[in-house]
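The values are calculated or read from the model by the stated rules, or taken from the named source; none is laboratory data. Quick caveat, the model's predicted, so the values are computed rather than measured. Cβ atoms come from the backbone with ideal geometry, glycine included; neighbour counts cover every protein chain shown. What goes into the accessible areas is simple: the full protein's heavy atoms, side chains included, and nothing from ligands, DNA or RNA. Shrake-Rupley method; radii C 1.70, N 1.55, O 1.52, S 1.80 Å.
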Amino acid sequence: MDFIIDATVQAVNTLYQTAITAQDVNLQQTRKEFEGQVTIVTFPFTKISRKGPEQTGQEIGEYLKANVTEVADFNIIKGFLNISIADSYWLSLYRDQVTREDFGVARPNGKKVMVEYSSPNTNKPLHLGHVRNNLLGYSVAAILQAAGYEVIKANLVNDRGIHICKSMLAWQMFGNGETPQSAGMKGDHLVGKYYVIFDKEYKRQIDELKAEGKTEEEAKKNAPLILQAQQMLQKWEAGDEEVISLWKTMNTWVYDGFAKTYKKLGVDFDKYYYESDTYLLGKDIIEEGLTKGVFFKKEDGSVWIDLTEDGLDQKLVRRADGTSVYITQDLGTAQLKYDDYGMSESIYVVGNEQDYHFKVLFLILQKLGKEWAQGLYHLSYGMVDLPSGKMKSREGTVVDADDLIQQMEETAKETTEALGKTVDYSDEDKAKLYHMIGMGALKYFLLKVDPKKRLLFDPNESVDFQGHTGPFIQYTHARIRSVLSRVEAPANAADVTVLDAVERDLMIQLTQYPDMVVSAAIDHNPATIANYIYELAKAYNKFYHEKSIMQAESDDIKAFRLSLSVSTAAVITKGMALLGIEVPERM
Ligand code: ARG
């Protein structure tokens, strides 16, 4: 609403002979309980007017009403000047923009952004934490794309290291040649099974050593299994054929499994990075840092960076034996990503337990003088809990992603069948619908919350057709399609001039969609879209209950209400797609 801002600047100039700029005008959306659609905060102008906030508001309001045709009326609540914009303004905005095919899709802004997400380790299947990660990453990528960015979705797979050697070793020792096929198991689950077996056996050995009088620490270091796993990692690094071949086989199993989970989740990637390719890359950067004096060497030969002046501590970047640590690899990968794509922004979707890691990573890259480090951003998110308690990794009690997906489909099925909604569906259509509703419930529940916040996932609440849920919005969409299936929708919004409150509310909400996309993109926050779509669905339902479409007062009004219905269905479809959620034609 630049024209309101400009007119307010003029008003202050004229009324009080004082020059202000657009930045001085604080324009907000009018709060629901008040009349009007936009609100100017008048407190800051009282110094200029030397009058109270009410009187200042009154004078500016009168000026605007007299000089701006779109200003139909105004009211004042203390330091807030609430402005009612004329229906004609909203109607023309609606006709010119909302009804367009490409509404809400920004023109390319010429900027490239990489969104790295998922980035699993290949020693076990995906769990609930990964689910939040995947949904967030996919959604943020979709939102940035809608906001005009060219987006590269990247997945950095941690396919090497001691954790994979643990699964490999346990499989060698206890697997009897078992394969996903022979076990009838998804490959990632099979590999995860051996990771758990390793852990169990390892713990048993630790207990044995402790019984022999060793301390916990000694026992952990000297248990035969861990020594063997370390040996295996050394062999891997030396290119030992047998180890490499087992590693390839087991990783292939895992990738098969991941691919199935990704497909069910509806997420995808443009580029895969593998740590087996990138883990040596950081070593050049270590040399670069030593030459530039950013890093220093300790007596034992280990390499460090001192970040105490930045309020952090000293951080190891290369071990005394010359091997890399986690951050070494990430330094190298960051450079590689930039060399590959030259993007201006690069987002890392990673849980908040790695906040410190990314702080250090970005700081090091800045200190190394990498200009592109300005564009790095850690999209940090909180843990997901289930009502039964915190999910744990390692102990084998994690909430498995595949189990969760299946459970969601079943819950969706029960709820839908209890409501008798699918009696006339084919089995295939039923399966599709239950998947759509189950995933819609899961995705919406996880994405409607600010990423930073820890959240409690309640599967039953998430499928409630009446609640603040994905299925409620999906149902609203199906309801609109059902209305529209009974009539020819009008080609364009018909000629109405007078609007009713529920129509106006709905129409104004529709016009806000592009702003929501921009705001969600700036904040990297899908919750903005999720909550907006919910409000939109509610506004439509209110409109639907209060106004008759088929028995409208005139043909023009009927056409207009149909048009509002078409637009609402379209914005719901687009907005939900930004969350990775599909909406059904009927349900
Ligand atoms: N694979 C790591 C993990 O599972 C996450 C990697 C995140 N991305 C990165 N560039 N460090 O904890």
Considering segment 126-148 alone, what residues qualify as being in contact with a helix residue (DSSP H, G or I) (Cβ under 9 Å, 6 or more places away or on another chain), within 14 Å of the ligand (Cβ to nearest atom) and at pLDDT 95 or above? Leu126, His130, Val131, Arg132, Asn134, Leu136
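Listed here are the residues, each with its yes/no results for (1) open to solvent by 20 Å² or more (accessible area, probe 1.4 Å); (2) of a type in the set (A, V, I, L, M, F, W, C); (3) in contact with a Gly (Cβ under 8 Å, 6 or more places away or on another chain).
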site	(1), (2), (3)
Thr21	yes, no, no
Phe45	no, yes, no
Pro53	yes, no, yes
Ala66	yes, yes, no
Thr69	yes, no, no
Lys78	yes, no, no
Leu81	no, yes, yes
Apart from one, (1) exposed (fewer than 13 other Cβ atoms within 10 Å of the Cβ); (2) within 15 Å of the ligand (Cβ to nearest atom) all hold for Tyr255; the odd one out is (1)
Restricting the first residue to segment 431-452 and requiring it to be within 18 Å of Asn525 (Cβ to Cβ) and modelled with pLDDT of 95 or more, which pairs with a second residue that is among the charged types (D, E, K, R) and open to solvent by less than 20 Å² (accessible area, probe 1.4 Å) meet a Cβ separation below 9 Å and a spacing of at least six or different chains? Leu446/Arg132; Leu447/Arg132; Pro451/Arg132
Evaluate the following for Leu365: is it among the hydrophobic types (A, V, I, L, M, F, W, C), farther than 24 Å from His130 by Cβ and either modelled with pLDDT of 95 or more or buried (at least 20 other Cβ atoms within 10 Å of the Cβ) (or both)? yes
Quick test of your reading of the structure: Leu281 fulfils all but one of (1) within 14 Å of the ligand (Cβ to nearest atom); (2) in contact (Cβ under 8 Å) with a residue 60 or more places away in the chain. Name the failing condition by number. (2)
Any idea which of (1) in a helix (DSSP H, G or I); (2) touching a Ser or Thr at 6+ places or on another chain (Cβ under 7 Å) is the one Thr422 doesn't satisfy? (1)
As an exercise: evaluate Met232 against (1) under 35 Å from the mean Cα position of the chain (by Cα); (2) surrounded by 13 or more Cβ atoms within 10 Å (Cβ to Cβ) and give the number of the one condition it does not meet. (1)
Taking segment 542-584 on its own, how many of its residues are assigned to a helix (DSSP H, G or I) and within 25 Å of Asp268 (Cβ to Cβ)? 9
With the checklist (1) within 16 Å of the ligand (Cβ to nearest atom); (2) under 18 Å from Lys370 (Cβ atoms); (3) touching a Phe, Trp or Tyr at 6+ places or on another chain (Cβ under 8 Å); (4) hydrophobic (A, V, I, L, M, F, W, C) in hand, flag the one item Phe295 doesn't pass. (1)
Which one is farthest from the ligand (Cβ to nearest atom) among residues in segment 368-382 that are open to solvent by 70 Å² or more (accessible area, probe 1.4 Å) and not polar (S, T, N, Q)? Glu371
Across segment 80-122, what is the total count of residues that are within 16 Å of the ligand (Cβ to nearest atom) and out of contact with any Phe, Trp or Tyr (no Cβ under 9 Å at 6 or more places or on another chain)? 1
When only residues in segment 434-446 that are farther than 18 Å from Leu128 by Cβ and open to solvent by 10 Å² or more (accessible area, probe 1.4 Å) count, which is nearest to the chain's Cα centre (by Cα)? Met436
Quick one: Phe198 ticks every box in (1) within 21 Å of Asp403 (Cα to Cα); (2) buried (at least 22 other Cβ atoms within 10 Å of the Cβ); (3) free of Cβ contacts under 8 Å to residues at least 40 places away in the same chain except a single one, so which number is it? (1)
Tell me whether segment 337-358 contains one or more residues that are more than 15 Å from the ligand (Cβ to nearest atom), open to solvent by less than 10 Å² (accessible area, probe 1.4 Å) and out of contact with any helix residue (DSSP H, G or I) (no Cβ under 7 Å at 6 or more places or on another chain). no
Selection over segment 298-314 where residues are surrounded by 13 or more Cβ atoms within 10 Å (Cβ to Cβ) and either within 16 Å of the ligand (Cβ to nearest atom) or free of Cβ contacts under 8 Å to residues at least 24 places away in the same chain (or both) yields a count of 4
Among (1) within 16 Å of the ligand (Cβ to nearest atom); (2) outside any loop (DSSP other than H, G, I, E, B), the one test that Arg160 misses: (2)
So Gln37 passes all but one of these: (1) in contact (Cβ under 8 Å) with a residue 60 or more places away in the chain; (2) open to solvent by less than 20 Å² (accessible area, probe 1.4 Å); (3) of a type outside the set (Asp, Glu). Which condition number does it fail? (2)
Regarding segment 315-334, can at least one residue be identified that is within 11 Å of the ligand (Cβ to nearest atom), more than 29 Å from Arg454 (Cβ to Cβ) and in contact with a Ser or Thr (Cβ under 6 Å, 6 or more places away or on another chain)? yes
So which of Ala412, Ala431 is away from the ligand (no atom under 16 Å from the Cβ) and open to solvent by less than 50 Å² (accessible area, probe 1.4 Å)? Ala412
Looking at segment 230-284 only, could you name the residues that are of a type in the set (A, V, I, L, M), at pLDDT 95 or above and touching a helix residue (DSSP H, G or I) at 6+ places or on another chain (Cβ under 8 Å)? Met232, Val243, Ile244, Leu246, Met250, Val254, Leu265, Val267
I need every pair where a residue in segment 326-346 that is free of Cβ contacts under 8 Å to residues at least 60 places away in the same chain has its Cβ under 9 Å from the Cβ of a residue that is away from the ligand (no atom under 11 Å from the Cβ) and hydroxyl-bearing (Ser, Thr, Tyr), sequence separation at least 6 or different chains. Thr328/Tyr279; Gln329/Tyr279; Gly332/Tyr279; Gly332/Ser324
Would you call Asp188 surrounded by 14 or more Cβ atoms within 10 Å (Cβ to Cβ) and in contact with a Pro (Cβ under 7 Å, 6 or more places away or on another chain)? yes
Only one of Gln172, Gln97, Gln145 is touching a strand residue (DSSP E or B) at 6+ places or on another chain (Cβ under 7 Å) and open to solvent by 30 Å² or more (accessible area, probe 1.4 Å). Can you tell me which? Gln145
